[in-house]
Amino acid sequence: MESSLLSGLGIDPAFILIFLFVVQIILFVMLISVNMKYNRLKVSYNSFMKGKDGKNLEESILARFAELDEVSELAKANKKDILDIYRKTRSHYQKVGIVKYDAFHEMGGNLSFAITMLDEDDNGWILNAMHSREGCYTYIKEIVKGQSYIELAEEEVESLEKAIYQDVYDLKTDLEKSPK
């Protein structure tokens, strides 16, 4: 049973049979792969649709959208509240610097102090309390944008710098505390 067509082309029928057999094996492997993917999709679909018909599914989806709308409104309200809190805290005292010293070099114990309290814009005041044997003298000086219109004592300048450059002082003390 030789074919005149195949012999005229110079092709051996055995090669054609081998080629078709290989193609059939490839198609069989692809069929198994597609069938496995279909079964996984079917299981996912069944678990998604479990106990629900089309009407229940629609109600469930609409309920989820309503929840998303509520969450969105809540997020907007939280954002507004955070901005309000931020606006309010800008004017509160956030930076503090304190320096203890011996004002009259007679008392000992560094009972005098200068304390600076500033807001975020470096506005605030310096309170200087000087203790002596006769009593305690307190002075307050206004600070605007990190500057005083009244001349500051050495301790008050140091207190002001500690308040303004608070992060640098904290970093320095943390480095001093760390073991070497």
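In this structure, does residue 49 turn out to be among the hydrophobic types (A, V, I, L, M, F, W, C), surrounded by 10 or more Cβ atoms within 10 Å (Cβ to Cβ) and within 30 Å of residue 61 (Cα to Cα)? Here the answer is yes, as residue 49 does meet what is asked. Contact map, region 127-155: first residue modelled with pLDDT of 90 or more, second residue not hydrophobic (A, V, I, L, M, F, W, C) and not in a strand (DSSP E or B), Cβ cut-off under 6 Å, separation 6 or more or different chains; pairs are 128/156; 144/123; 145/122. Taking the criterion of being crowded, with 18+ Cβ neighbours inside 10 Å and outside any strand (DSSP E or B), the only residue of region 123-152 that qualifies is 152. Residues in region 101-111 that are of a type in the set (Asp, Glu) and either buried (at least 17 other Cβ atoms within 10 Å of the Cβ) or in contact with a strand residue (DSSP E or B) (Cβ under 9 Å, 6 or more places away or on another chain) (or both): 102 only. Selection of first residues in region 59-71 that are more than 15 Å from residue 49 (Cβ to Cβ) and of a type in the set (Ser, Thr, Tyr) and of second residues that are at pLDDT 95 or above and loosely packed, with under 10 Cβ neighbours inside 10 Å, restricted to Cβ pairs under 9 Å at least 6 apart or on distinct chains, gives an empty result. Looking at region 99-106, can you tell me whether even one residue there is among the hydrophobic types (A, V, I, L, M, F, W, C) and over 30 Å from residue 139 (Cβ atoms)? No, region 99-106 contains no residue that is among the hydrophobic types (A, V, I, L, M, F, W, C) and over 30 Å from residue 139 (Cβ atoms).
Contact map, region 79-95: residues that are within 15 Å of residue 163 (Cα to Cα) paired with residues that are among the polar types (S, T, N, Q), Cβ distance under 7 Å, separation 6+ or inter-chain. Pairs shown: 95/166. The requirement of being of a type in the set (A, V, I, L, M), surrounded by 10 or more Cβ atoms within 10 Å (Cβ to Cβ) and modelled with pLDDT of 85 or more is satisfied by residue 82.
Taking the criterion of being among the β-branched types (Val, Ile, Thr) and either at pLDDT 90 or above or surrounded by fewer than 12 Cβ atoms within 10 Å (Cβ to Cβ) (or both), the residues of region 156-180 that qualify are 157, 168, 173.
Table: residues versus (1) exposed (fewer than 12 other Cβ atoms within 10 Å of the Cβ); (2) part of a loop (DSSP other than H, G, I, E, B); (3) not small (Gly, Ala, Ser).
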| position | (1), (2), (3) |
| --- | --- |
| 62 | yes, no, yes |
| 65 | yes, no, yes |
| 113 | no, no, yes |
| 121 | no, yes, yes |
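The values are calculated or read from the model by the stated rules, or taken from the named source; none is laboratory data. The structure presented is a predicted model; accordingly, all values stated were derived computationally and were not measured. Counting neighbours? That spans all protein chains shown, and the Cβs are built from the backbone with ideal geometry, glycine included.
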